[in-house]
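The values are calculated or read from the model by the stated rules, or taken from the named source; none is laboratory data. The structure displayed is predicted, hence computed values, not measured ones. When we count neighbours, we look across all protein chains shown, and the Cβ atoms used for this are built from the backbone with ideal geometry, even at glycine.
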Amino acid sequence: MGSGLNRILAVAANTYRETVRERVLYNLVLFAVLMTVSGLLMKQLSIRQDERIIKDLGLAAMEMFGTLIAVFMGVGLVSKEIERRSLYPLLAKPLDRSEFILGRFAGLGFTLLVNVAVMTAGLYLTLAATHAVFDPNLLKAVYTMFLGLLLVVALALLFSALSSSMLAAVGTVILVVAGHFSDIIRNVKQVAPGTPDWLSQGLYYALPNFRNFDLKSRVVHFDPVPGSDLGWITLYAAAYLAVVLGIALTVFRSRDLV
Amino acid sequence: MSLGRWAFVLLVPVVPLVQRQIDARLGVHRAQEEALYLTGKQLRRLAPGFEDLVADLYWLRTVQYYGSQRIWGGGHYQLLAPLIDVVTDLDPRLEIAYRYGAIFLSEKPPVGAGDPQTGVAILEKGVRNNPLNWRLRQDLGFFLFTFLGDTKRGADVLMEAARLPGAPFWLESLAAQILYKGGDRETSRRIWKGMYEQAEEGPMKYNALAHLRYLDALDEAEALTRLVRAYEDRTGRKPDSLEQLRAAGVLRAAPVDPSGKPFVYDREKGTVSIDRKSELWRPLETGGTQ
């Protein structure tokens, strides 16, 4: 058990180093520029809405950068290894396929954690520079956003274990976009009255609902976010992650790599 | 240098010059089409999870549009109402868009679009979307009274605002004052003083201050008219100018309004009024503030 965990951590550490080598964290520079410019300009441009706009901009940028990293790094986690044939020597070692999948997931998850943590610090620094009052509630939105990003990584990993990088990217992007439109899917009958209930409701519950992880508007408007809400969102993420990673493990285990 | 290079060098400045001509001819139409094609509700559907950010971007655009039209646009604000509508559709809780939007729309040109009906409609939308927000309801009451002269509805809405949590205690007495005294200047002064004290630094505060200075100027003009009459009673003739009042020791300070512009004296009628060139001058307002 202990050695299994060590192997997962070793794969995770390697994955993290790989993402750093791929200059993924360069997006932080862009984020820093964005925050600095918005911090300097918003006061003049927005009529006293600078604090709100900096929060909106910071949180949206975190989500967008995080999603891009999760999708485009995630889809290569397994398929690239297969395409480059670097997976075979790894699997020849005493490393279970499930350990490899979980390690890859944990590695990219850690990259995203570092990314989100640095961007959160940047957002707070910008707000402090504009004399905004420290608002710990932003962390709640950041936390649920991170859970959503983990789910994106898991989906990308699943597609990556199933097919090529290109197909995996297409599949993941479709699911992520559909997951953001889940409310529209649920109410599709209002636009297309002929849609059967089982289809709209089935899709609504089957697709990952990324709106669940979106607390940006609530925290920016200073709405209370009770701990129970965070608990349910965490439970949803944990359940969905378990299902997606379970399918990814099963698919990858049964995949003929020869 | 070859002919091709010369042609290139000559053509480079042509591009921005031609673009300026096109903007001058088509720019207004293009912008209006854009605002008509993309409504707030459509934008909400296009940006799930990022509605607030898009609302911010449209708000910045609204502020820039208002500022640029005020300075260079000759007071034409055709896009203002659709833009504010888009912003408040995208984020129905963006209080500032309703409050500032109503001012931008209601004030008379060149300060605003001179369309208080639409300004009031924006505030009504804000009240519908934020039923527990007393500030929006208070502004709606003020605007109904000040810009539309609807004392009954203005007072009713202020009474509703007074009952909401967090509302200042004086709203109820102000509503009663509006209802019973109608549009006297003192009521108007209380309204703008309330707006001034609540507002943070920015256009809303400056606008309230401009109204207060205007009311002060009206008071001063009336006081000067009274001095002219007193002079006439004493000497049997009207003064030739306000300077004559000063020379006679009736008036101590220079007869200028709070913006520093001299008051205008009508010798025929013996009345003093605000100069039309003064930044404080405005046409007769509804609500009886003049």
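Listed values, structure above:
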| read-out | value |
| --- | --- |
| Near pairs, Cβ below 9 angstrom, 6+ apart or cross-chain, from region B:218-235 (at negative phi) to any residue that is of a type in the set (F, W, Y) | B:E220/B:F263; B:A221/B:F263; B:L224/B:F263; B:L224/B:Y265; B:V228/B:Y265 |
| Condition check for B:M204: within 14 Å of chain A (Cβ to nearest Cβ) and either modelled with pLDDT of 85 or more or assigned to a helix (DSSP H, G or I) (or both) | yes |
| Test for B:V228: is it among the β-branched types (V, I, T) and not in a helix (DSSP H, G or I) | no |
| Top-ranked residue in region B:64-107 [being within 17 Å of A:I53 (Cβ to Cβ) and of a type in the set (K, R); ranked as surrounded by the fewest Cβ atoms within 10 Å (Cβ to Cβ)] | B:R93 |
| Flag for B:E222 being at pLDDT 85 or above, of a type outside the set (A, V, I, L, M, F, W, C), surrounded by fewer than 17 Cβ atoms within 10 Å (Cβ to Cβ) and part of a helix (DSSP H, G or I) | yes |
| Enumeration of residues in region B:46-61 that are more than 9 Å from every other protein chain (Cβ to nearest Cβ) and buried (at least 23 other Cβ atoms within 10 Å of the Cβ) | B:Y58 |
| Residues that are among the aliphatic types (A, V, I, L, M) and either more than 19 Å from the chain's Cα centre (by Cα) or more than 17 Å from A:V71 (Cα to Cα) (or both), drawn from region A:13-27 | A:A13 |
| Selection status of B:R128, in a loop (DSSP other than H, G, I, E, B), modelled with pLDDT of 90 or more and surrounded by fewer than 20 Cβ atoms within 10 Å (Cβ to Cβ) | no |
| Boolean, A:R85 is in a loop (DSSP other than H, G, I, E, B) and either aromatic (F, W, Y) or free of Cβ contacts under 8 Å to residues at least 60 places away in the same chain (or both) | yes |
| Of residues in region A:36-57 being in a helix (DSSP H, G or I) and surrounded by fewer than 19 Cβ atoms within 10 Å (Cβ to Cβ), the one nearest to the other protein chains (Cβ to nearest Cβ) | A:L45 |
| Criterion (modelled with pLDDT under 85, surrounded by 16 or more Cβ atoms within 10 Å (Cβ to Cβ), among the small types (G, A, S) and in a loop (DSSP other than H, G, I, E, B)) met by exactly one of B:G249, B:G183 | B:G183 |
| Test set (1) at pLDDT 80 or above; (2) under 32 Å from the mean Cα position of the chain (by Cα) - B:R234 fails condition number | (2) |
| Hey, A:S160 within 26 Å of A:I69 (Cβ to Cβ) and in contact with a Leu (Cβ under 6 Å, 6 or more places away or on another chain) or not | yes |
| Looking only at region A:158-190, and only at residues there that are under 19 Å from A:A237 (Cβ atoms) and of a type in the set (V, I, T), the one that is surrounded by the fewest Cβ atoms within 10 Å (Cβ to Cβ) | A:V177 |
| Options A:E83, A:E22, A:E63, A:E18: the member that is modelled with pLDDT of 80 or more and within 12 Å of another protein chain (Cβ to nearest Cβ) | A:E63 |
| Single residue of region B:23-65 satisfying the filter (at pLDDT 80 or above and of a type in the set (D, E)) that is nearest to B:I103 (Cα to Cα) | B:D56 |
| Filter result (hydroxyl-bearing (S, T, Y) and free of Cβ contacts under 8 Å to residues at least 40 places away in the same chain) within region B:101-141 | B:T118 |
| Of all residues in region A:213-249 being of a type in the set (S, T, Y) and either in contact (Cβ under 8 Å) with a residue 60 or more places away in the chain or buried (at least 17 other Cβ atoms within 10 Å of the Cβ) (or both), the one that is farthest from the other protein chains (Cβ to nearest Cβ) | A:T234 |
| Candidate set from region B:144-156 (those that are assigned to a helix (DSSP H, G or I) and without any contact (Cβ under 8 Å) to a residue 24 or more places away in the chain); member that is nearest to B:A102 (Cα to Cα) | B:R153 |
| Matching option when the condition is under 12 Å from A:V71 (Cβ atoms) and either hydrophobic (A, V, I, L, M, F, W, C) or away from chain B (no Cβ under 13 Å) (or both), among A:T172, A:T120, A:T111, A:T126 | A:T172 |
| Some residue of region A:22-35 being over 30 Å from B:A47 (Cα atoms) and either surrounded by fewer than 14 Cβ atoms within 10 Å (Cβ to Cβ) or without any contact (Cβ under 8 Å) to a residue 12 or more places away in the chain (or both) | no |
| Among (1) assigned to a helix (DSSP H, G or I); (2) more than 14 Å from chain B (Cβ to nearest Cβ); (3) surrounded by fewer than 17 Cβ atoms within 10 Å (Cβ to Cβ) - the single one A:G194 does not satisfy | (1) |
| Residue check, B:Y65 among the hydroxyl-bearing types (S, T, Y), within 14 Å of chain A (Cβ to nearest Cβ) and without any contact (Cβ under 8 Å) to a residue 24 or more places away in the chain | yes |
